[in-house]
């Protein structure tokens with residue numbers, strides 16, 4: 001090969017332009033860190049879990065104990081009070097929904113790609129957060145079944 005042929009072939013090649021390389025902008029918006037949201041979720045699910053266990057043991061399995069009677073009377077007294085009657089739906093529906101939202105936002109990360117005008121959603125695998133998300137969803141499904149909020 002001649003030197004001119006090599007020069008023309010090399011002259012026609014596209015050279016990389018490092019100044020055109022742009023990093024993808026990543027917008028990470030977890031509501032809380034995954035550890036904090038799982039701890040807070042466990043605490044927030046205490047009252048709905050107690051309510052579910054009380055209803056299941058008392059009305060489904062016909063069990064009787066002093067703890068179940070006290071819990072049942074407490075929820076019945078709250079339900080009969082006109083001012084506190086909104087507390088039971090808040091406990092039974094609001095707290096699991098809050099836990100579900102917190103844990104969903106803790107495991108999801110969002111990436112904004114300006115060139116394509118798209119948002120990429122990445123779900124990080126965090127076992128405790130996913131378990132709490134599914135458990136709070138199960139509590140919501142249980143309470144949305146007919147006749148479950150009556151004590």
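The values are calculated or read from the model by the stated rules, or taken from the named source; none is laboratory data. Quick caveat, the model's predicted, so the values are computed rather than measured. With ideal geometry, Cβ positions are generated from the backbone for all residues, glycine too; neighbour counts draw on all protein chains shown.
Yes/no matrix, rows are residues, columns are (1) at pLDDT 80 or above; (2) under 21 Å from the mean Cα position of the chain (by Cα); (3) surrounded by fewer than 18 Cβ atoms within 10 Å (Cβ to Cβ):
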position: 9; (1), (2), (3): no, no, yes
position: 29; (1), (2), (3): no, yes, yes
position: 36; (1), (2), (3): yes, yes, yes
position: 54; (1), (2), (3): yes, no, no
position: 71; (1), (2), (3): yes, no, no
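Yes/no per residue for (1) surrounded by 19 or more Cβ atoms within 10 Å (Cβ to Cβ); (2) at pLDDT below 90; (3) closer than 20 Å to residue 45 by Cβ:
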site	(1), (2), (3)
100	yes, no, yes
109	no, yes, no
118	no, yes, no
145	no, yes, yes
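Residues that are within 24 Å of residue 39 (Cβ to Cβ) number at least 3 in the following helices (runs of 4 or more DSSP H) confined to the range 57-151: 95-107, 127-144.
Of the residues screened, residue 131 is not one that is in contact (Cβ under 8 Å) with a residue 40 or more places away in the chain and more than 19 Å from residue 56 (Cα to Cα).
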